[in-house]
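J.: The structure follows.
The values are calculated or read from the model by the stated rules, or taken from the named source; none is laboratory data. Since the model is a prediction, treat every value here as computed from it, not as a measurement. Every residue, glycine as well, gets a Cβ built from its backbone with ideal geometry; the counts of neighbours run over all protein chains shown.
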Amino acid sequence: NDTVQAGACTPAAGEYTSMRLWNAAAFATGWPTRPVTGQKRALVMATHWNDAAPVDPAPVEQATLGAGAPSLRTYLQEVSGGSLSLTGDMLTGVDLGARPAGCESAAILSAARTAARARGVEPDAYDYLFVDISRHSACAWEGLAAMPGNWILSNGVGHKTWMWTHEFGHSSGFQHSDTLKACPAAGSVTTVSGACTVSGGDDPTDTMGGGGMHLYPVDYRQFAGWVPDSQVPRVTATGSYRLGVLGESGTQEFRVARPDGGFLSLEYRRATPPYDDYVATDPLVNGVIVRIVTTGGTVRNRLVDATPGTSTTDDAPLAAGRTLVDEDADAAVTVCSVGAQGADLRIAVGGTTPPAC
């Protein structure tokens, strides 16, 4: 929190170091991670206030611990590539007492823990505590979680798997995502610059930003320890690059440094039902998804709408034949082609003219 003022500084000959090189040195030992791996157990509680009828626990159990899709359990198994396994136990018909006038998460969690112990179950013996409460108008949220943390509250929507995938993302350190829109475009080139605008959500591929139950993007997976650094290489030289399919072998992501310490993330998806249930012609699986990512203690995504001429972000990926220029990064990406095995790219760093396809 110190304040440092840089005055009229002139570097001596040979003492200049670019931000690009500084960034490379900063991450020489690997990208930031917060591993969420191995066998984890959750206590799921279907609760109600004493002025409300108990909820049907079956849909809540299926949405969280269900062995079939959709459920948080099968979602995490797939998105982690088997690196994370979720099991647990369910408590049903739990009366939390009088409905509170307000909505204090700490008080609700305390009441849930007390009720569990009254049933002879110790909630602290589990890795996670998931509590579905009766719908409460004083709570202005559908779901709530610490970021990062080990508990999730559901405001009467425990039957909705997307709520659990979203809030589990917060528990893992994933922030809400937003979108960079209305960037200048001329011909086949879209330019990321100060002329773009930022909008909340609108990323149809990210459950943290309006993407429903679609699988977490690759940068979340790397942050959670599900994808090794070797599969998310940093681009340091201009040239031709082959980007693999998300969730398969090979390169999962290319990262291009930005001067603020973040990076451009390049990701390519294909349809993998039931969660990434795109049709074959969907633009979201026929182009390279570009995001601006900032990471440290948490990770945050900003989708770049690489097709700004339309009113939707459902066609946001960078399609074959198009180029994205990032003025801040002094870099550019051209997608030459996409197919079942991945995407053929040309990337320029230290300049904004990629090699020809």
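J.: Counting only residues that are touching a residue at least 40 places away in the same chain (Cβ under 8 Å) and more than 23 Å from LEU72 (Cβ to Cβ), which one in region 241-250 is nearest to the chain's Cα centre (by Cα)?
T.: So the residue we want is VAL245.
J.: Still on this structure, I have one more. Please work out if ALA58 is over 30 Å from ARG258 (Cα atoms), in contact (Cβ under 8 Å) with a residue 24 or more places away in the chain, out of contact with any Phe, Trp or Tyr (no Cβ under 7 Å at 6 or more places or on another chain) and not assigned by TED's automatic domain parsing to the domain that holds PRO259. Explain how you work it out, then say what you get.
T.: On the way: over 30 Å from ARG258 (Cα atoms): yes; in contact (Cβ under 8 Å) with a residue 24 or more places away in the chain: no; out of contact with any Phe, Trp or Tyr (no Cβ under 7 Å at 6 or more places or on another chain): yes; not assigned by TED's automatic domain parsing to the domain that holds PRO259: yes.
Considered against the rule, which asks whether it is over 30 Å from ARG258 (Cα atoms), in contact (Cβ under 8 Å) with a residue 24 or more places away in the chain, out of contact with any Phe, Trp or Tyr (no Cβ under 7 Å at 6 or more places or on another chain) and not assigned by TED's automatic domain parsing to the domain that holds PRO259, ALA58 comes out as no.
J.: For region 92-112, does any single residue satisfy the condition of being farther than 19 Å from ASP51 by Cβ and of a type in the set (D, E, K, R)?
T.: Looking through region 92-112, none of the residues is farther than 19 Å from ASP51 by Cβ and of a type in the set (D, E, K, R).
J.: Moving to a separate point now. Would you say THR161 is of a type in the set (S, T, N, Q) and under 30 Å from HIS48 (Cβ atoms)?
T.: Yes; evaluated as a whole, the condition is true for this residue.
J.: Return the only residue of GLY211, GLY194 being in a loop (DSSP other than H, G, I, E, B) and farther than 21 Å from VAL36 by Cβ.
T.: Step by step, each of GLY211, GLY194 is checked, and only GLY194 is in a loop (DSSP other than H, G, I, E, B) and farther than 21 Å from VAL36 by Cβ.
J.: Right, something else. Looking at region 318-339, I want the residues that are not assigned by TED's automatic domain parsing to the domain that holds ASP305 and have a partner that is surrounded by fewer than 19 Cβ atoms within 10 Å (Cβ to Cβ) with Cβ atoms under 8 Å, at least 6 apart or on another chain. Which pairs are those?
T.: none
J.: Tally up the residues in region 306-350 that are on the phi > 0 side of the Ramachandran plot and touching an Asp or Glu at 6+ places or on another chain (Cβ under 8 Å), please.
T.: Looking only at that region, the number is 1.
J.: From the set of residues in region 230-258 that are of a type in the set (D, E, K, R) and either assigned to a loop (DSSP other than H, G, I, E, B) or at pLDDT below 95 (or both), which is nearest to VAL293 (Cα to Cα)?
T.: Within region 230-258, the match that is nearest to VAL293 (Cα to Cα) is ARG258.
J.: Considering (1) of a type in the set (Val, Ile, Thr); (2) modelled with pLDDT under 50; (3) farther than 30 Å from ARG255 by Cα, say which one THR17 fails and leave the rest.
T.: Only one criterion in (1) of a type in the set (Val, Ile, Thr); (2) modelled with pLDDT under 50; (3) farther than 30 Å from ARG255 by Cα is unmet by THR17, namely (3).
J.: A follow-up question, please. Name the residue that is surrounded by the most Cβ atoms within 10 Å (Cβ to Cβ), counting only residues in region 259-285 that are part of a strand (DSSP E or B) and in contact with a helix residue (DSSP H, G or I) (Cβ under 7 Å, 6 or more places away or on another chain).
T.: So, considering only residues that are part of a strand (DSSP E or B) and in contact with a helix residue (DSSP H, G or I) (Cβ under 7 Å, 6 or more places away or on another chain), the one surrounded by the most Cβ atoms within 10 Å (Cβ to Cβ) is SER265.
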